[in-house]
Structure formats: structure tokens, C-alpha cells
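Engineer: Before I ask anything, let me first share the structure, which is written out below as C-alpha cells.
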Amino acid sequence: MIRKFTLLLALLLPAFGASAQFQDLPRYELPEEKALLNNFPNNGEALPSGILTPPVLPVRTMAEWEEVQAIVITWNTSSTGIRTILAEIVRHARLECRVIVACSSQTIVNSARNFLISKNVDLSSNVEFVIGPNDSIWVRDFGPNCVYANDVDSLYFVDWIYNRPQRPNDDTLSTTLAPYFGIPLYRTLSGPDDMVHTGGNFMSDGMGTAFSSRLILEENEPNNPYGVSVKNELQINQIMQDYMGIERYIKMTSLPYDDIHHIDMHMKLLDEETLLVGQYPEGIADGPQIEANIQYVLNNFNTSFGTPYEVKRIVMPPDGQDLYPDQGGQYRTYANALFVNKTVLVPFYEQAFDTTAQRIWEAAMPGYKIVGINSNAVIPQKGAIHCITKEIGVPDPLRIVHQRLKTQNNALVSEYKIDALIQHRSGIASAQLFWSLSPNGPWSSLPMNLTNSASDTWSCAIPLQAPDLLVYYYIDATANNGKSLTRPLPGAEGPWSFRTVLAVSDNEPLNVQTQPVFPNPARAITCIPVSLQRSGTLQINLYNSLGQWVQRVYQGEAPAGDNKYFFDASLFPPGAYWIEVRSSGSIATQKVLVR
């Protein structure tokens with residue numbers, strides 16, 4: 001079968017340019033490729049290498065914001081513009097981790113090296129060239145996925161069947177990278193586990209929850225063009241649980257204008273509780289379906305902590321001709337970004353939109369270095385930064401999982417308790433919490449103690465503080481083997497924060513009630529209905545999702561009864577905000593989304 005498959009490729013691929021040194025294949029499927037699709041045999045027959053049964057030990061898929069030892073790119077393009085994007089990725093990523101440049105031959109290695117040198121990219125350290133077959137630059141979709149046995153133990157690769165069988169070399173890259181890193185490779189090639197899937201259509205929170213579009217169902221349904229066994233949603237969920245530890249697999253309706261139906265083009269998980277979601281002007285392109293999908297998620301699923309997801313919005317800009325995808329324009333996105341330890345690489349296009357995107361990313365990820373890379377050369381091919389990179393997790397992760405504190409009511413607590421799951425395969429030697437009333441310090445430290453060995457929970461408590469303060473904090477842990485890590489990764493440069501609020505007396509009836517803010521989501525003038533049991537002083541404050549004060553909407557005397565107060569949402573970047581209403585020692589809060 002392999003010999004027949006090779007002969008078929010030799011006869012068919014030149015029809016769409018495979019005889020050239022670089023094919024410059026786009027992320028989407030070419031018409032020529034679609035015409036050839038049913039002529040290809042089952043990839044499971046053609047590519048039998050790797051372990052074809054699930055891992056024996058329970059596994060956990062890493063989240064993309066976790067610590068990485070390397071990122072991978074493939075050097076397979078003749079486009080100077082795309083090579084320049086790859087060069088910028090190498091330039092910035094090598095400062096955080098190793099960068100693996102996969103090339104199909106020594107000739108390509110020499111070409112890549114010379115181009116990087118011509119762009120003044122430092123190759124003296126952390127840049128490695130690997131020779132291995134590949135057909136395109138879209139390594140996100142066909143590269144290996146990282147999972148850990150027993151949460152933080154051995155690192156494994158999991159590789160699905162790539163949904164571009166006309167690009168067979170791409171689907172062998174994992175067999176090159178696995179021995180290079182010395183990592184076992186598990187592959188979903190053999191029935192009934194012969195599953196087709198792509199990395200751009202997959203996102204994990206590192207706690208057993210994952211997201212995809214419903215493309216994953218279509219790729220494995222009856223009469224699929226890949227020759228794989230038919231699987232229903234429950235069977236797909238079981239494969240994902242067996243190979244990747246995904247216990248809850250959330251699938252959203254595919255978008256009408258994105259062509260490839262990969263969720264990384266319009267959304268990104270920033271942490272266990274936060275979704276960054278692309279936003280179009282009302283009624284434009286994929287905007288309505290994106291909004292419907294997010295509302296479906298919010299209405300039906302909580303985070304792995306059991307709390308509602310927080311949604312941050314980021315603009316989906318028009319192209320250089322001021323056109324959107326439903327008008328024939330390019331699919332520009334700022335969500336298609338890459339975490340590289342303490343740096344985030346974000347696609348940029350033009351300053352009018354880039355400045356806002358930079359501000360939103362910096363507010364969402366304080367302390368991280370946000371690096372914009374001009375991606376105009378690659379976006380017409382339906383992909384950006386995330387699509388042409390693949391992260392490789394560290395072999396010995398020090399895992400810190402903490403549900404960050406939100407606003408704390410001093411009437412209900414005597415201290416601010418901090419719990420965190422902290423794990424390392426060698427065990428945890430110590431953990432500390434650092435806290436401050438200023439983002440610039442000075443920092444006070446508190447020892448954390450192992451309070452539940454069965455769940456690897458470490459705990460401490462920040463002393464009660466005066467109301468109306470912001471408290472900043474981060475966690476630092478050290479493993480028995482000496483490895484240390486902070487969460488958030490930037491530590492003191494980008495801590496979590498929460499606000500303390502005025503205590504409410506249990507003996508005094510609440511004076512203030514709020515009705516739902518409208519409109520919500522808000523775009524311009526927004527109404528805050530307030531009802532007071534009795535006249536008195538009233539204060540209405542607006543805070544951003546980080547707990548930072550952004551505006552005092554009202555302060556003064558207010559009569560008893562129903563009253564309305566207003567603020568202009570157009571003055572603020574898109575995202576989630578909190579409205580806090582205070583009167584006579586009582587407080588009411590409410591969330592509002594600004595578009």
C-alpha cells in the first residue's frame with residue numbers, strides 16, 4: 001500500500017505545483033486538492049509508525065500558557081514576506097525558549113540560516129535546525145500535541161490524522177520531532193481510534209476541558225473523505241479522553257466566513273477562566289455566529305473551577321481595503337497569538353487597529369511582553385502567528401493552578417484565603433505567596449502549607465485589609481529537585497489582584513438594589529437602574545476585569561426610590577467591567593460587557 005501511495009503522489013501532486021522546491025500551500029484546501037481527496041488511501045495504512053493505542057497512564061493535555069521548552073516552525077515557503085514573519089518569530093521566541101526550525105533538506109537548512117542572518121536574527125543560541133519531511137508552514141495543524149502522564153509526569157506527544165492527506169510529509173513531522181526530543185509518540189491512526197483533527201481547531205485549559213468547532217464531527221462522520229472509520233460525538237469524546245485526558249469537550253457551530261473552521265482564528269483561552277474573543281461590528285461577517293457561540297458556552301458551561309467564564313473582546317479589523325470577510329476581505333485577527341513563556345506574539349496589520357489590540361492584550365496579560373509581528377503576508381492564506389507555530393512543553397512541569405480572587409467583601413471574611421494546586425514529579429519543597437498593596441511592591445511573603453495532600457492543595461491567607469484597596473499577589477513554588485516557578489509566570493511584573501470593599505453590617509437592612517444594566521453588552525450610553533430603600537449618600541464606581549478603578553459614575557446624595565444613572569461605554573476598551581453601587585454601608589455589584 002505504501003508503494004502504491006507513493007506512486008499516486010508522484011502522478012498527482014505536480015498538478016498543483018509539488019514539483020517546485022516550495023509548494024507555498026495555503027492553510028485552506030486548494031480546489032486541486034479537493035478534487036484529489038478521495039483518491040488517497042487511509043492515512044492509517046500509509047503512516048503506521050508511532051504507538052497506535054492510548055497511553056496506559058491517565059494523561060493531561062497542557063494549556064498553551066504553561067511553560068514551554070521550545071516552539072517549532074517549518075521553513076517551507078518561497079514568500080519573502082512569510083519568511084520575514086518566521087524570522088521575527090525566531091527573533092523573539094529564542095529569548096524565551098529553544099526554536100526548532102524544521103527543514104526538508106540540508107539545502108533548505110542553509111537557505112533558512114542565510115535568510116535569518118540577513119535579517120540580523122541571532123543564531124548563536126536557542127535556534128536549532130532539524131531535517132525532516134514537510135509540505136507547508138501550517139505546523140499548528142499537523143504538529144504534535146503535548147500531554148503529561150499523571151498531570152506532571154512523563155511528557156508524551158499525541159498526533160492525529162491531518163485533514164490534508166494530499167500533504168503527506170506534513171503528517172510525518174511528529175515522527176521526526178518525537179525522536180529528536182526523545183518523547184514517546186501516540187497516534188490516532190488505527191481503527192477504531194483513527195481520528196482526523198487539526199491543532200488550530202483545538203484549545204485546552206490544562207484541566208481537562210477543551211474547545212473546538214463542530215468541524216471535528218464532520219471530519220469523522222459517515223462518508224468522510226479521509227477513509228477513516230465513522231465515529232459519532234460520544235466516540236470522538238472517548239478518543240480525546242483516552243489519548244489526551246479531555247473529560248469535557250465543548251464544540252461550537254462552525255463559522256460561515258472563516259473557510260477553515262478553526263477556532264484559533266477568532267478566540268483564545270488566556271487562562272482557566274478567561275476567553276479572548278474576536279469581535280466584529282454588529283451584523284458583520286462571522287460576528288453574529290461568534291456571539292451566538294459564546295452565549296451558548298456561557299449559558300451551558302462553567303469553568304473547570306465551576307464559575308462563569310469571563311469574556312474579553314478584541315477587534316476583528318477590516319483589511320487594507322476596509323473590507324470584511326463577508327465583503328470579500330481578508331480574515332484579519334488578533335486572537336491568533338502565541339504564548340512563549342513570558343512573551344505573547346500577536347499578529348499585527350496596521351497601526352489604526354494595532355494600537356487598540358496592543359492595549360487590550362497588555363490589559364489582559366499584565367507583565368507579559370506583548371510583541372506585534374506584521375502578518376499581512378500570511379493572513380490571505382487563512383492563518384497568522386498561532387497557525388505557523390507549535391509549542392513543546394517542558395519535560396518537568398512545575399504546575400500551579402489557582403482560582404484568582406475577585407472582589408472581597410470584608411463583612412464576609414476575616415482574611416483572604418488563598419488555595420492552589422501545586423505539583424511536580426519530584427514533589428514540592430516549599431511554596432510562598434507574595435502580596436502587596438502596590439503593583440510595584442514592596443512585597444510581603446507568606447509561607448504556604450500543604451493542607452490537602454490528596455489534592456496537592458497548598459494554602460495560606462492574606463491578612464484583612466482596609467476597604468477600597470487593590471491587593472496584588474502571586475505564588476512562587478520550588479520543587480524538591482530545585483526547580484522554581486511563579487504563577488502568573490511574570491510574577492511581580494504581572495501579579496493577580498482583587499479589590500476589597502466596604503463592610504456591610506448584618507444588623508442594618510440593605511439600602512441599595514440594582515436592576516440589570518441596559519444595554520448589556522454596552523456600546524455607548526448605558527443605563528444603571530438603582531433602587532434605594534431610603535435616601536442617603538450614593539456612590540457608583542466602574543472597575544475593569546483586573547479590579548482596577550476606571551471611572552466614578554456618580555457620587556452624592558440620592559433620594560429614596562428608583563433612579564437611573566448613566567455612563568458612556570464607548571470611552572472604554574472592549575471587555576468585562578464591574579459596576580459597584582454603594583449606599584449607607586451596603587453594596588451591590590453587577591457585571592457589564594463593553595463591546
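The values are calculated or read from the model by the stated rules, or taken from the named source; none is laboratory data. Predicted model only: the values in this text are computed from it and were never measured. When we count neighbours, we look across all protein chains shown, and the Cβ atoms used for this are built from the backbone with ideal geometry, even at glycine.
Engineer: Residues that are closer than 30 Å to residue 246 by Cβ, among the β-branched types (Val, Ile, Thr) and modelled with pLDDT of 95 or more: does the stretch 78-89 have at least one?
Structural biologist: Yes: one or more hits.
Engineer: Restricting attention to the stretch 428-481, report how many residues are closer than 25 Å to residue 587 by Cα and hydrophobic (A, V, I, L, M, F, W, C).
Structural biologist: 8
Engineer: Residues that are under 19 Å from residue 595 (Cα atoms) and under 18 Å from the mean Cα position of the chain (by Cα): which helices (runs of 4 or more DSSP H) entirely in the stretch 201-317 hold 2 or more of them?
Structural biologist: 287-300
Let's see how each residue does on (1) touching a residue at least 60 places away in the same chain (Cβ under 8 Å); (2) under 27 Å from residue 401 (Cα atoms):
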residue	(1), (2)
49	yes, no
85	yes, no
94	no, yes
126	no, no
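Engineer: Out of the stretch 292-307, which residues are of a type in the set (Ser, Thr, Tyr) and closer than 20 Å to residue 207 by Cα?
Structural biologist: Correct list: 303, 304, 307.
Engineer: OK, next. Of all the residues that make up the stretch 213-242, how many are farther than 25 Å from residue 268 by Cα, surrounded by fewer than 21 Cβ atoms within 10 Å (Cβ to Cβ) and basic (Lys, Arg)?
Structural biologist: Final tally of qualifying residues: 0.
Engineer: All but one of (1) farther than 30 Å from residue 399 by Cα; (2) surrounded by fewer than 20 Cβ atoms within 10 Å (Cβ to Cβ); (3) aliphatic (A, V, I, L, M) hold for residue 250, so report the exception by its number.
Structural biologist: (1)
Engineer: Just to be sure, is residue 179 surrounded by fewer than 19 Cβ atoms within 10 Å (Cβ to Cβ), without any contact (Cβ under 8 Å) to a residue 24 or more places away in the chain and not β-branched (Val, Ile, Thr)?
Structural biologist: yes
Engineer: Among residues belonging to the stretch 49-72 that are buried (at least 23 other Cβ atoms within 10 Å of the Cβ) and touching a helix residue (DSSP H, G or I) at 6+ places or on another chain (Cβ under 6 Å), point out the one that is nearest to residue 338 (Cα to Cα).
Structural biologist: Among those that are buried (at least 23 other Cβ atoms within 10 Å of the Cβ) and touching a helix residue (DSSP H, G or I) at 6+ places or on another chain (Cβ under 6 Å), it is 71.
Engineer: Take the residues in the stretch 330-356 that are farther than 24 Å from residue 67 by Cα and touching a residue at least 40 places away in the same chain (Cβ under 8 Å); name whichever of them is surrounded by the most Cβ atoms within 10 Å (Cβ to Cβ).
Structural biologist: Ranking the qualifying residues of the stretch 330-356, first place goes to 333.
Engineer: So, in the stretch 540-564, how many residues would count as being part of a strand (DSSP E or B), within 27 Å of residue 308 (Cα to Cα) and not aliphatic (A, V, I, L, M)?
Structural biologist: 6
Engineer: Also: Being under 34 Å from the mean Cα position of the chain (by Cα), surrounded by fewer than 16 Cβ atoms within 10 Å (Cβ to Cβ), assigned by TED's automatic domain parsing to the domain that holds residue 439 and without any contact (Cβ under 8 Å) to a residue 60 or more places away in the chain, is that true of even one residue in the stretch 481-492?
Structural biologist: So far as the stretch 481-492 goes, yes, one or more of its residues are under 34 Å from the mean Cα position of the chain (by Cα), surrounded by fewer than 16 Cβ atoms within 10 Å (Cβ to Cβ), assigned by TED's automatic domain parsing to the domain that holds residue 439 and without any contact (Cβ under 8 Å) to a residue 60 or more places away in the chain.
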